[in-house]
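Chemist: Could you have a look at this structure, given as structure tokens, before my questions?
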Amino acid sequence: MNDPVLIVGGGLGGVATALGLGQRGHRVRLLEQSAEIAPIGYGVQIGPNVLPVLAQLGVEDEVRRAAYLPDDLLLLDAVTGERLVRVPLKGESFEARFPAPYICIHRVDLHEILLRAVRAVPEVDLNQATTVTGYSQTAHGVQVHTEQGTRIEGRALVAADGLRSRLRAQMHPSDATRDTGYVAHRTIVPMDQAPASLRRRQGVTMWTGDGFHVIYYPLRDHTEMNIVAVFRVPDGMEATDNGAYRTHIETIAAPSQAEVRDVISVVNLERRWAIGDRNPLRGWADGRVTLLGDAAHATLQSLAQGAGMALEDAAELCALMDAHGNDPHRAFALFERRRFVRTARVQLESRALWHTYHCGGVDAQVRTLQLQERSTEDLYRCFDWLWAPATVRVPQPA
Ligand SMILES: Cc1cc2nc3c(=O)[nH]c(=O)nc-3n(C[C@H](O)[C@H](O)[C@H](O)COP(=O)(O)OP(=O)(O)OC[C@H]3O[C@@H](n4cnc5c(N)ncnc54)[C@H](O)[C@@H]3O)c2cc1C
């Protein structure tokens, strides 16, 4: 019981788990490969289901202060300019229905808030520049092996090492990430340098087109604009072939609305992330080892819930480790049982929406009719399972 719980990965999932366990008196060693635990510096949307988790961790007030509260989620057709969907994120009906506000926050700010809280908990030991290559275990404990040639002992291991998790690969050697053929570009523009058409927006604005979407929202008290642009890379074209790729983007932009051309004109096309996810896969636990966050259930960004699911995981796992601390096998088996279907639903609905967001031709025409028929009440009902889950408990600390 004296050996620490090892956590591999200092992303939002790993840091939140370290914080939750440390606050409950568990010794924790967090192992992160980067020299500094620092996230990629872009925005993240956090659904109303997630703030209660951050409240459990004692950081809700700080998060609220650092957050931007968008007025609405808008989905628009990039070519015709038609409005397909408007989901109000403020007002009486939203507040009566959902447990917390919908927020946008700079990932660095959220991460920093969690890290500051972790550093105040003496039970948690942060180990940076430590790359884990694999694990082994006995009946009594677990060991991780590092690229630096060391072995670190623990009583349990939480693998929160992200979409391309090495520990998941050890557990499930034949499972691979699913590449979508799309790439994302992320950019933050100071608000006073953002095109005027973007500056007037007070919510999360998304334009959908055949093989692409762009999405943007203000951050940090409306002083910055966070932009994500996602494009399908045509067959045979290298995503690194800048000349041909730029021509491809110009071809997409040409028939689009002026606001879409404005946003594409300020996107940094040099930096790109290949978009991938995982198939839902049972078997997150192997004895004293469990997967968590993207390592367990990486999802496409369509519902903006990958980080949200990692944070919900952290809350559930901490409660179970507290209840079954001497028996990680039991805690981890229950963890998967409680979290599998919800996270699988996020993965599969995100895939279905991926088509909705990127289709063209008759598919897009039918999609437009279907979405425009929905009232605000219909839209809220679609989000109930995700934003106001009755089945996912938000556990109280002991
Ligand atoms: C373009 C884009 C937009 C997104 N927008 C949203 C959004 O709006 N809302 C939302 O909820 N989600 C969003 N997501 C998803 C979200 O970013 C992820 O789901 C979330 O970051 C997963 O957190 P995690 O802690 O599981 O993994 P990660 O954040 O990937 O953290 C994994 C950590 O493990 C470390 N690591 C990896 N391998 C090792 C190793 N071998 N040894 C030691 N350390 C290791 C990494 O350095 C990293 O720090 C978005 C994703 C993308 C790509």
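A short reminder: the numbers here are calculations on the coordinates, not readings from a lab. In this text the structure is predicted, and so the values were computed from the model without any measurement. When we count neighbours, we look across all protein chains shown, and the Cβ atoms used for this are built from the backbone with ideal geometry, even at glycine.
Chemist: Taking just the C-alpha trace of the stretch 240-398, give me its Rg and Dmax in Å.
Modeler: So, for the stretch 240-398, Rg and Dmax equal 20.3, 61 Å respectively.
Chemist: Averaging the inverse of every distinct alpha carbon separation and then flipping it gives the Kirkwood radius. What is it for the stretch 51-210, in angstrom units?
Modeler: Radius from the Kirkwood sum: 20.4 Å.
Chemist: For the stretch 1-146, what is Rg from Cα atoms divided by 2.2 N^0.38 Å, rounded to two decimals?
Modeler: 1.31
Chemist: Gap in Å between the Cα centre of the stretch 209-266 and the Cα centre of the stretch 147-205?
Modeler: 19 Å
Chemist: For the chain, what does -39500 (n - 2.57) per DSSP helix run (n ≥ 4), summed and divided by total residues, give at 222 nm, in deg cm²/dmol to the nearest 500?
Modeler: Result for the chain, helices only: -11500 deg cm²/dmol.
Chemist: Which one of THR368, VAL108, SER165 is farthest out on the positive end of the charge dipole of the chain, using unit charges on Cβ (Lys, Arg +1; Asp, Glu -1) and the Cα centre as origin?
Modeler: The one lying farthest along the dipole's positive direction is SER165.
Chemist: While we're here: In whole angstrom, note down how far apart the Cα centers of the stretch 25-89 and the stretch 331-365 are.
Modeler: If we compute the Cα centre of each part, the gap is 18 Å.
Chemist: Another question, then. Can you sort GLU336, GLU153, GLU238 so the residue with the fewest Cβ neighbours within 10 Å comes first?
Modeler: GLU238, GLU153, GLU336
Chemist: Taking a ≥ b ≥ c as the square roots of the eigenvalues of the Cα gyration tensor of the stretch 150-213, is the shape rounded (a/c under 1.5), prolate (a/b larger than b/c) or oblate?
Modeler: prolate
Chemist: Sticking with this structure for a sec: Positive end of the charge dipole of the stretch 25-107 (Lys, Arg +1 and Asp, Glu -1 on Cβ, about the Cα centre): tell me which of VAL63, LEU31, SER93 has its Cα farthest that way.
Modeler: LEU31
Chemist: Taking one equal scatterer on every alpha-carbon of the stretch 43-98, how large is log10 of I(q)/I(0) by Debye at q = 0.17, 0.20, 0.29 1/Å?
Modeler: Evaluating at q = 0.17, 0.20, 0.29 Å⁻¹ gives log10 I(q)/I(0) of -0.69, -0.86, -1.22.
Chemist: Determine the dipole magnitude for the stretch 160-220: charges of +1 sit on the beta-carbon of Lys and Arg, -1 on that of Asp and Glu, nothing else is charged, the reference point is the Cα centre, and the result goes in debye to the nearest 20.
Modeler: Computed charge dipole of the stretch 160-220: roughly 240 debye.
Chemist: Sort 373-380, 354-361 by packing, meaning the average of other beta carbons within 10 Å per residue, with the highest value first.
Modeler: Ranking, from highest mean packing down: 354-361, 373-380.
Chemist: Moving on to the next point. Over the chain, what is the mean sequence separation of C-alpha contacts under 8 Å (at least six apart), divided by residue count, expressed as relative contact order in percent?
Modeler: Averaging sequence separation for qualifying contacts and normalising by length gives 22 percent for the chain.
Chemist: Jot down the radius of gyration and Dmax of the stretch 29-69, Cα atoms only, both in angstrom.
Modeler: Rg and Dmax of the stretch 29-69, Cα atoms, are 12.8, 34 Å.
Chemist: Using unit Cβ charges (K, R positive; D, E negative) and no other charged atoms, how large, in debye to the nearest 20, is the dipole of the chain about its Cα centre?
Modeler: Its charge dipole is roughly 560 debye.
Chemist: If I take every Cα pair under 8 Å that is 6 or more residues apart in the stretch 287-344, average their sequence separation and divide by the length, what percent do I get for the relative contact order?
Modeler: For the stretch 287-344, the relative contact order is 35 percent.
Chemist: P(r) for the stretch 175-256, please, calculated from all Cα pair distances in 5 Å bins and given in %.
Modeler: Reading upward from the zero bin: 3, 12, 22, 20, 17, 13, 9, 3, 1, 0.
Chemist: For the chain, set up a Gaussian network in which alpha carbons nearer than 10 Å are linked by springs, and say which option among LEU281, LEU334, LEU386 fluctuates the most.
Modeler: Highest fluctuation among the options: LEU281.
Chemist: Where does the chain land on Rg(C-alpha)/(2.2 N^0.38 Å)?
Modeler: Here the Cα radius of gyration is 0.99 times the empirical estimate.
Chemist: Quick one: dipole size for the stretch 248-384, taken about the Cα centre, charges +1 on Lys/Arg Cβ and -1 on Asp/Glu Cβ, in debye to the nearest 20.
Modeler: 380 debye
Chemist: Find the all-direction average of the projected area of the Cα convex hull for the stretch 106-190, expressing the result in square nanometres with one decimal place.
Modeler: It is 8.8 nm².
Chemist: To the nearest µm²/s, what D does Stokes-Einstein give for the stretch 209-301 at 20 °C and 1.002 mPa s, using the Kirkwood radius over alpha carbon pairs as Rh?
Modeler: This corresponds to a translational diffusion coefficient of 133 µm²/s.
Chemist: Further question: Could you give the semi-axes, largest first, of the ellipsoid that matches the stretch 1-79, computed as the square roots of 5 times the alpha carbon gyration tensor eigenvalues and rounded to whole Å?
Modeler: Taking √(5λ) for each eigenvalue gives 31, 17, 10 Å, largest first.
Chemist: Take each of the peptides 92-98, 300-306, average the number of other beta-carbon atoms within 10 Å over its residues, and list them starting from the highest.
Modeler: Ranking, from highest mean packing down: 300-306, 92-98.
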